[in-house]
Each structure stands twice: as structure tokens, then as C-alpha cells.
Amino acid sequence: DTAVSQTPKYLVTQMGNDKSIKCEQNLGHDTMYWYKQDSKKFLKIMFSYNNKELIINETVPNRFSPKSPDKAHLNLHINSLELGDSAVYFCASSQDPGGGPTKRAKNIQYFGAGTRLSVL
Amino acid sequence: DQQVKQNSPSLSVQEGRISILNCDYTNSMFDYFLWYKKYPAEGPTFLISISSIKDKNEDGRFTVFLNKSAKHLSLHIVPSQPGDSAVYFCAAGSGTYKYIFGTGTRLKVLA
């Protein structure tokens, strides 16, 4: 039973299209994340939600819109896809980390298998 | 500006020997560090972590060392096994939900 699952695993689409990637976690975690791994292998955070509230919003084009219908789901919708959006997108989840380095063990992030997006 | 750097993109080690993966960081505010392991077509999986109040953490064959003055951490795998062949990412964070990841080091353990 997969802890963090993303669908689809592969997504090939044309420039200008709108697409969504879904993510679900069954770990009972409070916080979910979207990361982008580009061609240079940088794994960069895009968004994070804690109990359905947006807590991290990095410098990401507003064509990217996360949606969290409940704390077990965090979907990523991308409008007007561009060639540069081609990447692997990873969803992750963690428990609420609390404060201080001694409590940080709660913020172990568990990742999904990734969605490889190819924009043609 | 890449705050977390893994300068060795790849490393090959004989089975049974020690693997040492290195990671450097620039932000002195980082106070928690993690290592993740990633197999092809899978997401990163948590391996081991260390907080800034420690300089060593050990879990079985895996040990992470932290040198705060040098802003350097390393992951030691002893003995290395073929199943350890994967990409290893280090990550660093400071008081928030956000971690900064390195670009990874591909470890190949030769049988």
C-alpha cells in the first residue's frame, strides 16, 4: 500500500495545454509538498500546504496552482504549459515538524515516485 | 546561488569497502540535515539525519558526520553493498518546513 502516490506517472502533452497532477498520502501527515526536479537534477521546493493552508510558495509562475481539498491530498494544476515546464515533479508529505532541531525528526519528508512531465 | 552542494556527481566503490559521500553548505542558519537515497523511477527515501547539536549520527551501516565550522557533512556507508547503488541527496533546513537539496551523487557499488 503506497504511502505517497502520484498520478499520472508519465505525462506527455503539447505546449499551451492545461494539465493536473494528483497526489495523495495515507500516512496521516499534516503537511504536503510539491518539488520540481529539472534537467540539472536540482530538486527544488515549489509549494507546501499544512492542514490545507499554503505555507510555502516559492518563486513559481502563477500558471502553477496547487489545490488541497483535504490534508491527505495536494494536487498541482498547470496552465498554458511551456517547454521549460518539462521536469519530474515529486509530491511529498511530513508530520507537522514543530520547532527546534531536536524536534525536527518529525519533518522527515516522504516522497512519491514522481511524475515525469514532457511538454512538446 | 546553490546553498547545498554535492561536488561529486558520481562515485564508484568496491563491494565491502567504505563509501564516503560529501556535502557542503553555505548557510550557517541551517540546523538540520538529512540524507536521502533515490533509485531510478522512484522518489527519494529518507536514510539518516543529523541536527546541528550533534556531530555524528549512526544507524547500522550508515553514519553521518557534521563539521559545522567547515559547513560540511558526509555520509559513510560501511561496508558498501551492491544494493546501495543509487543517487544520494543531502538536504539542509533551518526552522521551517523547507529543505534545500543538493544535486545528488550517484553511487555505484561494484561486486
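The values are calculated or read from the model by the stated rules, or taken from the named source; none is laboratory data. Quick caveat: nothing in here was measured; it's all calculated off a predicted structure. Ideal geometry is used to build each Cβ from the backbone, glycine not excepted, and the neighbour counts take in all protein chains shown.
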Do you know which residues across segment A:1-55 are closer than 21 Å to B:CYS90 by Cβ, exposed (fewer than 12 other Cβ atoms within 10 Å of the Cβ) and of a type in the set (Ser, Thr, Tyr)?
A:SER39
Among the residues of segment A:87-108, count how many are at the interface with chain B (Cβ under 7 Å from one of its Cβ atoms), under 12 Å from the mean Cα position of the chain (by Cα) and at pLDDT below 95.
0
For segment B:1-58, which strands (runs of 3 or more DSSP E) that fit wholly inside it have 2 or more residues that are within 10 Å of chain A (Cβ to nearest Cβ) and under 30 Å from A:PRO8 (Cα atoms)?
B:32-38, B:45-51
Could you list, in sequence order, the residues of segment A:31-78 that are facing chain B (nearest Cβ under 9 Å) and assigned to a loop (DSSP other than H, G, I, E, B)?
A:LYS40, A:LYS41, A:PHE42, A:GLU58
Matching option when the condition is away from chain B (no Cβ under 14 Å) and in a helix (DSSP H, G or I), among A:GLY84, A:GLY28:
A:GLY84
Give me the pairs, please: first residue somewhere in segment B:82-103 and more than 8 Å from chain A (Cβ to nearest Cβ), second residue anywhere and surrounded by fewer than 21 Cβ atoms within 10 Å (Cβ to Cβ) and acidic (Asp, Glu), beta-carbon distance under 7 Å, and either six or more positions apart or on two chains.
B:PRO82/B:GLU15; B:SER94/B:ASP31
Name the single residue that is surrounded by the most Cβ atoms within 10 Å (Cβ to Cβ) among those in segment B:52-111 being over 13 Å from B:LYS37 (Cβ atoms) and of a type in the set (Phe, Trp, Tyr).
B:TYR99
